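As structure tokens, the structure follows; a few thoughts come after it.
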Amino acid sequence: MFVSVGFWAATVRMATPLIFGTIGELICERAGVLNLGIEGIMTFGAMIAWMWVYQGGDLWTAVAVAAGCGAAWGLLHAIFSVYLGLSQHVTGIGITLLASSLSYFSFRLLLPDVSTPPKIQPFESIAIPGLSEIPVLGEALFTQTALTYLALATVPLCWYVLYRTPLGLAVRMVGENPMAAASQGLDVLAIRAGAVCTGSALMSMGGAFLTISVFDAFYFEMINGRGWICIALVIFASWRPGKALFGALLFAAFDALQIRVQQASSTLIPYQFFLMLPYVLSIVALIIMSRKAAYPKALLVPFRRGER
Amino acid sequence: MRLEPRTEATFWLRAMAPILAVMVALALCGFLILWAGAPLLEAYAALARGALGSRFALSETLTRATPLIFTGLAVAVAFRAKLWNIGGEGQLYAGALAATWVGTGAIDLPAYLMIPVIFSAAAVAGGLLLLLPTVLKIRLKVDEVVTTLLLNFVVLLFVNYLLFGPWKDPLSMGWPQAAPVVDSGLLPNLVDRTRLHFGFVAGLAAAVAVWVVMRFTHWGFEIRAVGLNTPAAVFAGIPVNATVVRTALLSGGLAACAGVTEVCGTKGYLTLDISPGFGYTGIAVAMLAGLHPLAVVVSAIFVAAIYNGADSMSRAVGISNYLADVMTAVALLAVLVSSLLVQYRIRRG
């Protein structure tokens, strides 16, 4: 099983939305903001990207629209949690409830009487010449769709910006010690808001991947807790982009394995227990990693100018 | 313009801020009705009629408010102690499982004993379910937001397994549902020819009991102290971990009672859809109520009215009833902003 191309290709494919979501959440949390809006923002990204293509739009514009809408949700989150300093937990849950219900409402409004979800022509996979001819690993990694390559490229980019640029230093600083950042003349609120918008745009693209790359339709409840799993993965990765990629791939590998074992042994163990595995695994991963988790020091702490 | 902390907020300000916020939220959702191309006034009129316009509508609203009172109380108690229990949905189903197990043949007692036994069994199940994330939080610093959220999915899949597998009622014509609860376990009807059942009275009693505990007892004081300022609570000698565990048992138990009201009251048997997200909506209910146990009753009835109103509005003017979810979410965010008005005053310059 572990040498089959199909298994590894499925792993990379299933990891893609998790990579987008985890890197997005990581950027928010590095700036000190827990974004519980992720589940709803991913749902909205999935809906809007699909709807854009269904209404005759182009696939890449759909990705851009999803990212833009994600950033807008991020801005709303930032107005509440950063500028007004309201509870990040409640803001995030509120955004998730609003973004997902608005997605369903809009979907129903634009397509009132459809029972089977209509389909679109999704992204096609691109085999990268040369690299895709490497047996197994090359075939698995380099015959994916464009959005998967984009997700894989996001990780080193995120690492480079966070650790090698003044902007990244500023983001990490407002997440660790906003007072010190403010005394350096940095605009703490603007940096946090920017990080939340950027992270939310990535989450939304993760949702878009599901509807316009891996599947070709939008289903209700299709995000199915992936956003919450991303939040667990950020803690698992101790807020580091490289480990986040590793976590997402590991997690997706278990998920791909789970589906294959489930198909092989469906009579022995009921399938519901296999479907529980991703959630149970996330909890187990949290238990293993949480003891030494180095939270960004100012995570969940609102910053108000002139207040200690 | 800047915000200046208020030293004191009058009762009227505290009461009016959320009401104002809800008005703003309902008005904002008018844009969605206009987008859907429906006549605005007619839509709101249909909403009000469907929510409270007749004896039947009113009874349906109170029936729907019943589980929301319990899940709202669960969140109000937990959030007061800054225990972020987002697992109300899972705890509700844990309670429903316990109610089904006890109520479909495990024991049979006269109704005056059976109903308390069912409620207690469910409360224990819900409390234990929340105990796991709480112990992980206390002992291993595992974030309870994520664990409670993830457990919702695990519990729902477990219910799915039972209803398609060992618990499936052979007389249910193939539908995934459990055997009906025995007659002595059913919550009695309150009003003839409506679905309103004893669960609503139980919800009111629970709200009063939680209010008394939170306001007048040692335990309630400890819960509030831990939430307001944990270091100070430690300094004052409050056993913080024990308090958090007590809060978790209370909160999980309350959410589980919502499962009982649905299984033994509204439906009579367990299905996969006894809760259209009551656990999550409970968060909105509790926040609208400012985490006050008695106000939870009012806000649960209000939210239930929106849901039932939206159902009849969707029939009358053809707008998807997902509008109710949107309205509740907008109201939650609006109330969150209005809480600033209570804490701060806006000063120019």
A:C230 being closer than 27 Å to A:T61 by Cα and more than 14 Å from every other protein chain (Cβ to nearest Cβ): no
Given (1) at the interface with chain A (Cβ under 8 Å from one of its Cβ atoms); (2) open to solvent by less than 30 Å² (accessible area, probe 1.4 Å); (3) in contact with a Lys or Arg (Cβ under 7 Å, 6 or more places away or on another chain), index of the condition B:E144 fails: (1)
Residue in segment A:109-124 that is crowded, with 20+ Cβ neighbours inside 10 Å, facing chain B (nearest Cβ under 8 Å) and assigned to a helix (DSSP H, G or I) present: no
Flag if A:E39 is open to solvent by 10 Å² or more (accessible area, probe 1.4 Å), among the charged types (D, E, K, R), within 14 Å of chain B (Cβ to nearest Cβ) and within 20 Å of the chain's Cα centre (by Cα): yes
Residue among A:L76, A:L86, A:L34 that alone is open to solvent by 40 Å² or more (accessible area, probe 1.4 Å) and within 12 Å of chain B (Cβ to nearest Cβ): A:L76
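Conditions (1) open to solvent by less than 20 Å² (accessible area, probe 1.4 Å); (2) in contact (Cβ under 8 Å) with a residue 40 or more places away in the chain; (3) closer than 30 Å to B:L58 by Cα, marked per residue:
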{"site": "B:T100", "(1), (2), (3)": "yes, yes, yes"}
{"site": "B:M114", "(1), (2), (3)": "yes, yes, yes"}
{"site": "B:I118", "(1), (2), (3)": "yes, yes, yes"}
{"site": "B:A121", "(1), (2), (3)": "no, no, no"}
{"site": "B:I138", "(1), (2), (3)": "no, yes, no"}
{"site": "B:V155", "(1), (2), (3)": "yes, yes, no"}
{"site": "B:A179", "(1), (2), (3)": "no, yes, yes"}
Lone unmet requirement of (1) surrounded by fewer than 24 Cβ atoms within 10 Å (Cβ to Cβ); (2) not in a helix (DSSP H, G or I) for B:I319: (1)
Options A:I259, A:I223, A:I229, A:I288: the member that is assigned to a helix (DSSP H, G or I), open to solvent by less than 50 Å² (accessible area, probe 1.4 Å) and not charged (D, E, K, R): A:I229
Selection status of B:V124, over 19 Å from B:G268 (Cβ atoms) and outside any helix (DSSP H, G or I): no
Residue match in segment B:323-341 (condition: assigned to a helix (DSSP H, G or I), closer than 27 Å to B:P116 by Cβ and touching a residue at least 12 places away in the same chain (Cβ under 8 Å)): no
Condition met for A:C197 (within 14 Å of another protein chain (Cβ to nearest Cβ), modelled with pLDDT of 95 or more, part of a helix (DSSP H, G or I) and open to solvent by less than 50 Å² (accessible area, probe 1.4 Å)): no
Residue selected from segment B:269-306 under the condition more than 23 Å from A:T91 (Cβ to Cβ) and within 13 Å of another protein chain (Cβ to nearest Cβ), by the criterion most open to solvent (accessible area, probe 1.4 Å): B:D273
Lone unmet requirement of (1) more than 14 Å from chain B (Cβ to nearest Cβ); (2) aliphatic (A, V, I, L, M); (3) open to solvent by 10 Å² or more (accessible area, probe 1.4 Å) for A:L277: (1)
Boolean, A:G168 is within 14 Å of chain B (Cβ to nearest Cβ) and at pLDDT 95 or above: no
Residue among A:T145, A:T165, A:T154 that alone is over 22 Å from A:A195 (Cα atoms) and either of a type outside the set (A, V, I, L, M, F, W, C) or surrounded by 20 or more Cβ atoms within 10 Å (Cβ to Cβ) (or both): A:T145
Residues that are more than 7 Å from chain B (Cβ to nearest Cβ) and within 15 Å of A:G207 (Cα to Cα), drawn from segment A:90-106: A:T96, A:A99, A:S100, A:S103
Of the criteria (1) buried (at least 16 other Cβ atoms within 10 Å of the Cβ); (2) farther than 27 Å from B:F200 by Cβ; (3) not polar (S, T, N, Q), which one B:L47 fails: (2)
Residues satisfying the stated conditions in segment A:1-37, i.e. touching a Lys or Arg at 6+ places or on another chain (Cβ under 7 Å) and under 24 Å from A:K297 (Cα atoms): A:G21, A:R30, A:A31, A:G32, A:V33
Any hit, segment A:60-69, residues being within 10 Å of chain B (Cβ to nearest Cβ) and either touching a Gly at 6+ places or on another chain (Cβ under 7 Å) or open to solvent by 10 Å² or more (accessible area, probe 1.4 Å) (or both): no
Any hit, segment A:252-262, residues being within 19 Å of B:V145 (Cα to Cα), touching a residue at least 12 places away in the same chain (Cβ under 8 Å), of a type outside the set (A, V, I, L, M, F, W, C) and out of contact with any Leu (no Cβ under 6 Å at 6 or more places or on another chain): no
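The values are calculated or read from the model by the stated rules, or taken from the named source; none is laboratory data. Quick caveat: nothing in here was measured; it's all calculated off a predicted structure. When we count neighbours, we look across all protein chains shown, and the Cβ atoms used for this are built from the backbone with ideal geometry, even at glycine. The accessibility values were calculated without ligands, DNA or RNA, using every heavy atom of the protein model including side chains. Shrake-Rupley method; radii C 1.70, N 1.55, O 1.52, S 1.80 Å.
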